[in-house]
Each structure stands twice: as structure tokens, then as C-alpha cells.
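Trainee: Following this message is one structure expressed as C-alpha cells.
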Amino acid sequence: MTESPDRGASVPGRNRRRFPGISSRSYEHPADRSALVALRKLSGFDTVFKTLSGLLPERSLRLLFLSDSVRVGDQQFAHLHAMLRDACYILDLEKVPPMYVNQDPQPNAMCIGLDEPIIVVTTGLVELLDEEEMRAVIGHEVGHALSGHAVYRTILLFLTNLATKVAWIPLGNVAVMAIVTALREWFRKSELSADRAGLLVGQDLQASMRGLMKLAGGNHLHEMNVDAFLKQAEEYESGGDLRDSVLKILNVLPRSHPFTTVRAAELKKWSESRDYQRIMDGHYPRRDEDKDASVSDSFRDSAAHYADSVRTSKDPLMGLVRDIAGGAGDLGGKLRDTVFGSRSNGAGGAGGASGSDDSGSAGK
């Protein structure tokens, strides 16, 4: 990290709330928070990962960005530097992480590093987003830094690279990819956390929505609509049958980020929640209380979140899970009708158990 932000010079350019001493637990997704609280409680955890830093390509990455990218500062990309200091001021991050702009037409940003996080944004992203949209993205990355996500992102990058190198070893790739898959599932939740941090920094929901739409559809805002974009997320969640539910799982497994429509819907839902309003009113967990955070309480919150997700989800697979949990009587019939749809001729209804009259549903 670089210098501590000069508080007088870091006052936001427009009137936005600041959150002195805010803990990342305030905005973290329940699944992300439970994992982080547990890891922070592990004795010697930091020491182990600092030891690992000798095995990871962190120093190489730092030298690579220093030598082949543009470091943001007062003399280079000054407007991005102002946004970065602004974000650190609002989230009360004591030291401003180094930030680089990397020549890459693909819009992207990341926060990596074991000892000290660094933030990297691509030229594709800088050219795609307007000032308020970029402010939300930089707040997103500062949120990663405040949560300590950079450590796990670095490890994920290392393990993903390792998986390709040990693919020839029997079962070696399987073992590494199992860890990578678990890390990706956690990291997808951490992205939802960072989206929330971006909203706390930008305090402009429409800008956050626009940024996500642009990541999905490019710089064509005149051709896009936030409400229609959010309807896509609803259709994605509720549409199709069990086959589509399985395909959704297979599509998301190799990804480190959730789909953009899903991120937009999740962020809008959180912006309308009591948790968000309490933060904006100044009522949030403080960083100096992190050491007293309960692991069991965090896991209970995470479990409650997933239970609520299953209860309220419109996905066909989640509907089947609810039926199983509720002791559905004709599970075979429900499973058949969920996969293939109700029989169009209406004979026997959904409760027919003989299986002999399948012609009415076989074509769907």
C-alpha cells in the first residue's frame, strides 16, 4: 500500500456519507462473511499465508504491473486517483492501495496481493464507464481490499494456473480443481459483497446498475433499460425446467463472478433492505469489534440466508428441494412433471403414477 490518505484532500467531490471505522462485515454477503470470520479466527492463519507468499507469483505480478502498466497517481490518471482516495476516505481504509491501468480491451478490474493489495483496472473498463460508474467499480475493489479478499483471489489465480500444470498427474488435477471449485463458489459470493461496497462508495444505485449493464451489453446505454435488464434476471431464475436448472449450475461452476443480471438483481434487493438503510443511517459494525465477531452467529446467518433463498427461489430445482423437504407425497410424479411439464391432455392429472401414459408429456 502507499500513503495514508490526506483527510482534508480526500473529501468526496459531492455530498456522500462517510462510514468511519466501518467493518467489512457490514456489507459482506452472509456466505462470504461466515467464511471470512472463521478464517480470521484461525490461529496462525496470517502467518501461514505469508509463508505461502514465497510460493505464489505475487512479487512477479507486482513487478509486471510496475514495469508494463501505468501507475495511477497525481500525474497519471489523476481522476482515477481522486476516485480511489475518495473511496478509501468513505470506507475509512487507512492506506490507499497502489492502483494500475493495464492495456487490455477487455473490461475488467481486480484486487490482488497477499501482503498488501494492489488494484488493477483495464483500459477497456476505463473507456467503457462514465465517472459515477467507475466510482462504483473502484469502491468495489476497495471493498475487496477492506475485506481481505485480495489474499484469496491471489491464491485462486495460483491454483487455477497450477491445475493446468498438474493435469497430466493421475488425480492431481481432480484434487486441485476441487479446491478451485470451492474457492470459486466463495469468490462469487465475495463479488456480491464488493458490489455492495461499491454502492456504499458511489451511493448511486442507477450508476451501479448502468455499470453492470455495460459489462453485459457494452457502451450502448441508449439501447438498454434497467428495468428490462432486471426482468432478465427474474426470467433467468424462474424460467425453464430441471434441465435448465442443471445447465445453470454447469454454466456458473467455471466462473469466478456471478452473471451480471444476477449481480444487478442482488444489488438492487440489498439496496432496498433494512441492512443497507441502517448503514446509511450510521448504524453498522465497527472494525474494532471484528475480534469479537462470533463464528457460530456468522454461520447461522449464512445458513438462514441459504434457507431463505431456497424458500423464496423461483428456480424449478429449488422448488423440488422445497417439496422434498416438505415431504411431498407423489415425488415421482412431481419430478416427472417438473422435468417434462404437465401432460397436455389432462388425463389423470399430475398424480398418475403408473407411468404407462407418457405420450402426453414426452414431446416437451
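Read-outs throughout are calculated quantities, based only on the coordinates presented, and are distinct from any laboratory measurement. Model, not experiment: these values are computed from the prediction. We place every Cβ from the backbone using ideal geometry, glycine too, and count neighbours over all the protein chains shown.
Trainee: Can you give me the distance in nm between label points at D290 and V246, each placed 7 Å from the Cα along the Cα-to-Cβ direction?
Mentor: 4.3 nm
Trainee: Which of K189/K269; K95/K214; K231/K268; K214/K269; K231/K269 have a Cα-Cα distance over 22 Å? Don't skip to the answer; put the middle values down first.
Mentor: Details: K189/K269 15 Å; K95/K214 30 Å; K231/K268 12 Å; K214/K269 20 Å; K231/K269 13 Å.
Over 22 Å Cα-Cα: K95/K214.
Trainee: Going highest first, how would you order 67-78, 100-111, 187-198, 19-30 by mean Cβ packing within 10 Å?
Mentor: Numbers: 67-78: 13.6, 100-111: 16.8, 187-198: 24.8, 19-30: 21.2.
Final packing ranking: 187-198, 19-30, 100-111, 67-78.
Trainee: Give the long-range amide H neighbours of D104: residues separated by 5 or more places, or on another chain, with amide H under 5 Å away, using H modelled in the peptide plane at 1.01 Å from N.
Mentor: T123, G124
Trainee: Taking 0.36 nm per residue of sequence separation and subtracting the Cα-Cα distance, how much length would be gained by fully extending the chain between E272 and V70, in nm to one decimal?
Mentor: Values: separation 202, 0.36 × 202 = 72.72 nm, distance 3.80 nm.
So the chain would gain 68.9 nm between E272 and V70.
Trainee: Further question: Measure off 7 Å from each Cα along the Cα-to-Cβ vector at E116 and R59, then give the distance between these two points in nanometres to one decimal.
Mentor: A separation of 1.5 nm, rounded to one decimal place.
Trainee: Which residues in region 88-106 have a backbone N closer than 18 Å to a point placed 7 Å from the Cα of H220 along the Cα-to-Cβ line?
Mentor: Only 106 pass the distance filter.
Trainee: Could you sort 265-273, 121-129, 87-95, 140-148 so that the peptide with the highest average Cβ count within 10 Å comes first and the rest follow in order? Before the final figure, lay out the partial values.
Mentor: Working: 265-273: 16.3, 121-129: 18.9, 87-95: 21.2, 140-148: 25.9.
The peptides rank, most packed first, as 140-148, 87-95, 121-129, 265-273.
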